[in-house]
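Visitor: Quick one: the structure is below, questions incoming.
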């Protein structure tokens, strides 16, 4: 196996690679880096997300940069600001022992004057999004008429996001003698046409199978009724105590709604979508990268460019209608040689989309049954026990407290102590899953026998039938609670759900309609917890204000001039 030290790179770059623990190059790096160091022709590289494409072009770019010439020599274009920032940060890591190398990121959603100042000070490499880059060119701040290299990263996504015109405008300002590199996970017709229009006899490198996902990712789907998708999502999360993943939704509103529900139900989750400001996006990503947020609920566009190596799960809340989108998403897990899981939650109308994904993926997506309550509780319990077994005991810190603890607990037997120990952690969890209903939208069925030829398996056998599908959904009875918290204390729906969650009444509380007014709020909550909620509300404060709660009449639609708008 080729070692990174065997690649002909300048000593500072080899030191950086060693500092970053780059031992063996990935397939795309092994194929691309040597070729770029030895050739100045155009190049098309096809490789899945998460295979190390940034390093594949980043190390050669830095190696070929003329440090003595303080002018833009390389322009790297990418579809989103997150990817732009990530590439710029990666280049800084690769060039950590080359202090004279100057790079900068140019993207929308950030103050333009700071980016202008950086360009005026002089840089060797510019990483940017097409819209902001073209703005800088038109304003005469960014000059690219003498660049030696143009790199299009995630070219397919730039076209999907409508940057075709900007790309052609930018390329019209570049010299004909430049070297052009195109990196993409897929090669649809639009990208192929783009390449033919401005690339000259490009060399092509394909890392892995074109249009197919990585082999170290397991693909599963769950089939439920559409109304039960959120409940299925919670069970998937509960079945994986160490889950660290991204949940993909279709719209900004759905993304925020799912994230709010997860937060209310006690999960470390947050949303990433286009309605967030740049500051909010950076805060969310900082919390996600630090693993304080374990589930990031995101739209496709917002999640482009996220570079996180340790993701365990990718969860599709709906089956993507574009198979390439599925491949992009699933490629975010199973990185750095680790295994990953890609899960899709579907209902009957999404079966055709799932079939199209399987065809493009080149493999079956395996049916899996939604885990039941007992199965989930057992997984959580033994994960907790494993954690206890592995915990490091700091005797120096606790020895002085132990005699009193031993004396306090001496009346209990070993079995009683374990029972109470487990109950402290699991009483609420076990209560939620006690007698919980099955979520399958089809009759129970076994996974396919992998030895049976695909041609002999019908769609009904593979994906289930809609017959005998009339499950009885638990009907929740709501009570409307009136709280003396409104816009006067900057209350909004998200904060109200967080506040209710902090009361720790139960994970099983269902929330209905919420209306927020100037000095009070009306919220429909599960009537089964009426007394517990009233007690919890009235014994707590919010921002120093004593909460006053009572059961009111069911929430009515307010008059137009009374209700203030709330934007998720």
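The values are calculated or read from the model by the stated rules, or taken from the named source; none is laboratory data. As the structure is a computational prediction, the values presented were derived from the model and not from experiment. Glycine gets a Cβ as well: all are built from the backbone with ideal geometry, and neighbour counts include every protein chain shown.
Visitor: Looking at region 22-38, is at least one residue within 14 Å of residue 93 (Cα to Cα), assigned by TED's automatic domain parsing to the domain that holds residue 196 and either at pLDDT below 95 or assigned to a loop (DSSP other than H, G, I, E, B) (or both)?
Guide: We begin by selecting, within region 22-38, every residue within 14 Å of residue 93 (Cα to Cα); these are 22.
Then keep just the ones that are assigned by TED's automatic domain parsing to the domain that holds residue 196; that gives 22.
Now drop any that are not either at pLDDT below 95 or assigned to a loop (DSSP other than H, G, I, E, B) (or both), which leaves 22.
Yes, some residue in region 22-38 is within 14 Å of residue 93 (Cα to Cα), assigned by TED's automatic domain parsing to the domain that holds residue 196 and either at pLDDT below 95 or assigned to a loop (DSSP other than H, G, I, E, B) (or both).
Visitor: Just to be sure before I move on: is residue 224 within 30 Å of residue 295 (Cβ to Cβ) and at pLDDT 95 or above in the structure I sent? Explain how you work it out, then say what you get.
Guide: Details: within 30 Å of residue 295 (Cβ to Cβ): yes; at pLDDT 95 or above: no.
The answer is no for residue 224.
Visitor: Can you name every residue in region 363-417 that is under 30 Å from residue 319 (Cα atoms), touching a residue at least 60 places away in the same chain (Cβ under 8 Å) and not in a loop (DSSP other than H, G, I, E, B)?
Guide: Let us first name the residues in region 363-417 that are under 30 Å from residue 319 (Cα atoms), namely 363-380.
Then keep just the ones that are touching a residue at least 60 places away in the same chain (Cβ under 8 Å); that gives 363-373, 375-376, 379-380.
Hits for region 363-417 are 366, 367, 373, 375, 376, 379, 380.
Visitor: Would region 443-454 turn up any residue that is modelled with pLDDT of 80 or more and more than 30 Å from the chain's Cα centre (by Cα)?
Guide: Taking region 443-454 and keeping what is modelled with pLDDT of 80 or more, we get none.
No, every residue in region 443-454 fails to be modelled with pLDDT of 80 or more and more than 30 Å from the chain's Cα centre (by Cα).
Visitor: State all residues of region 89-100 that are at pLDDT below 95 and under 18 Å from residue 150 (Cα atoms); if no residue qualifies, say none.
Guide: Within region 89-100, just 90 meets the criteria.
Visitor: Quick one: in region 418-442, of everything that is assigned to a loop (DSSP other than H, G, I, E, B) and surrounded by 10 or more Cβ atoms within 10 Å (Cβ to Cβ), which residue is modelled with the lowest pLDDT? Working first, answer last.
Guide: Taking region 418-442 as the starting set, the residues that turn out to be assigned to a loop (DSSP other than H, G, I, E, B) are 434-439, 441-442.
Remaining after also requiring surrounded by 10 or more Cβ atoms within 10 Å (Cβ to Cβ): 434, 436-439, 441-442.
Numbers: 434: 69, 436: 72, 437: 73, 438: 72, 439: 74, 441: 55, 442: 47.
Per the criteria, the residue is 442.
Visitor: Now, a different point. Checking residue 123 against (1) in contact with a strand residue (DSSP E or B) (Cβ under 9 Å, 6 or more places away or on another chain); (2) at pLDDT 95 or above; (3) under 22 Å from residue 161 (Cβ atoms): exactly one of these is not met. Which one?
Guide: It is condition (3) that residue 123 fails.
Visitor: Sort through 234, 196, 229, 261 and tell me the only one that's within 21 Å of residue 325 (Cα to Cα), at pLDDT below 95, in a helix (DSSP H, G or I) and not assigned by TED's automatic domain parsing to the domain that holds residue 379.
Guide: Working: 234 fails: within 21 Å of residue 325 (Cα to Cα); 196 fails: within 21 Å of residue 325 (Cα to Cα); 261 fails: within 21 Å of residue 325 (Cα to Cα).
Just a single option satisfies the conditions, and that option is 229.
Visitor: Among the residues of region 379-400, count how many are under 43 Å from the mean Cα position of the chain (by Cα) and farther than 30 Å from residue 236 by Cβ.
Guide: Of the residues in region 379-400, 8 are under 43 Å from the mean Cα position of the chain (by Cα) and farther than 30 Å from residue 236 by Cβ.
Visitor: In region 507-519, which residue that is in contact with a helix residue (DSSP H, G or I) (Cβ under 6 Å, 6 or more places away or on another chain) and closer than 22 Å to residue 267 by Cβ is modelled with the highest pLDDT? Can you show your working first?
Guide: Step one: of region 507-519, the residues in contact with a helix residue (DSSP H, G or I) (Cβ under 6 Å, 6 or more places away or on another chain) are 507-509, 514, 518-519.
Checking which are closer than 22 Å to residue 267 by Cβ leaves us with 507-509, 514.
Details: 507: 57, 508: 56, 509: 69, 514: 79.
Restricting to residues being in contact with a helix residue (DSSP H, G or I) (Cβ under 6 Å, 6 or more places away or on another chain) and closer than 22 Å to residue 267 by Cβ, the top hit is 514.
Visitor: Go through region 144-180 and report how many residues are out of contact with any helix residue (DSSP H, G or I) (no Cβ under 6 Å at 6 or more places or on another chain) and assigned to a loop (DSSP other than H, G, I, E, B).
Guide: Selection size over region 144-180: 14.
Visitor: Let me ask something else about it. Residues 101, 44: which one is under 25 Å from residue 166 (Cα atoms) and buried (at least 17 other Cβ atoms within 10 Å of the Cβ)?
Guide: Values: 101 fails: under 25 Å from residue 166 (Cα atoms).
After ruling out the rest, the residue left standing is 44.
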